[in-house]
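Visitor: Before anything else, here's the structure in question.
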Amino acid sequence: MVNFVLPIRIAQVILALLVLGTAGYVAHSYSSSPSEINFLVFTAVWTLLALIYLTLTSWKFERFAHPWILCGVESLTMLFWFAGFIAAAVFLSDLITCAGKACSSAKAATVFAAFEWVLFAVTTALAVMAVLGRGRATKAGPNTMGA
């Protein structure tokens with residue numbers, strides 16, 4: 001299980017950094033940054049913090065890894081990404097004109113956020129299966145979801 005989740009975690013970090021960079025550029029380009037873009041920036045930062053927790057608790061600090069808390073962090077992060085990419089897509093579809101680097105960056109951030117949501121949907125499903133006993137049993141238990 002660990003060997004399968006580690007590449008997903010690496011992809012999650014990379015996508016979070018891509019969203020942070022592209023959405024941050026968009027937020028910097030506007031005089032009054034749209035709330036949808038601000039939410040993507042928040043979600044990217046939240047994800048980086050959540051991934052630090054998920055990775056460290058499964059790797060070094062297993063005593064802080066309660067299975068339900070791990071599921072909650074995974075689920076909340078997945079919901080944030082879902083709400084973020086949907087809100088950004090609706091924002092971009094309502095624009096009368098969308099041109100320039102900021103608009104292209106906003107579209108890229110939305111696409112990266114959608115892929116991030118898919119990855120978190122996978123890891124959330126794995127975490128829920130581990131908590132409910134349908135995952136592969138390991139001596140470490142469900143907290144193998146971190147890395």
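Visitor: Residue check, ILE86 against (1) in contact with a helix residue (DSSP H, G or I) (Cβ under 8 Å, 6 or more places away or on another chain); (2) surrounded by 15 or more Cβ atoms within 10 Å (Cβ to Cβ); (3) of a type outside the set (Asp, Glu), all met but one. Which one?
Guide: So ILE86 meets the others, but not (1).
Visitor: Look through region 57-80, keep the residues that are over 30 Å from TYR25 (Cα atoms), surrounded by 20 or more Cβ atoms within 10 Å (Cβ to Cβ) and of a type outside the set (A, V, I, L, M, F, W, C), and return whichever of them is modelled with the highest pLDDT.
Guide: Once the filter is applied, the top-ranked residue is THR57.
Visitor: Something else now. List, please: which pairs have Cβ atoms under 6 Å, are six or more places apart or on different chains, and start with a residue in region 86-98 that is under 12 Å from GLU36 (Cα atoms) and end with one that is of a type in the set (S, T, N, Q)?
Guide: Close Cβ pairs satisfying both conditions: ALA88/THR110; ALA89/THR110.
Visitor: Here's a check for you: in region 31-56, which residue that is assigned to a loop (DSSP other than H, G, I, E, B) and touching a helix residue (DSSP H, G or I) at 6+ places or on another chain (Cβ under 7 Å) is surrounded by the most Cβ atoms within 10 Å (Cβ to Cβ)?
Guide: The residue in question is PRO34.
Visitor: Identify, from the list ILE37, ILE14, the residue that is under 30 Å from VAL131 (Cα atoms), under 17 Å from the mean Cα position of the chain (by Cα) and at pLDDT 90 or above. Break it down into steps so the answer makes sense when it comes.
Guide: Values: ILE37 fails: under 30 Å from VAL131 (Cα atoms).
Within the list ILE37, ILE14, the selection yields ILE14.
The values are calculated or read from the model by the stated rules, or taken from the named source; none is laboratory data. Source: prediction; values computed, not measured. Cβ sites come from the backbone with ideal geometry, for glycine too, and all protein chains shown count toward neighbours.
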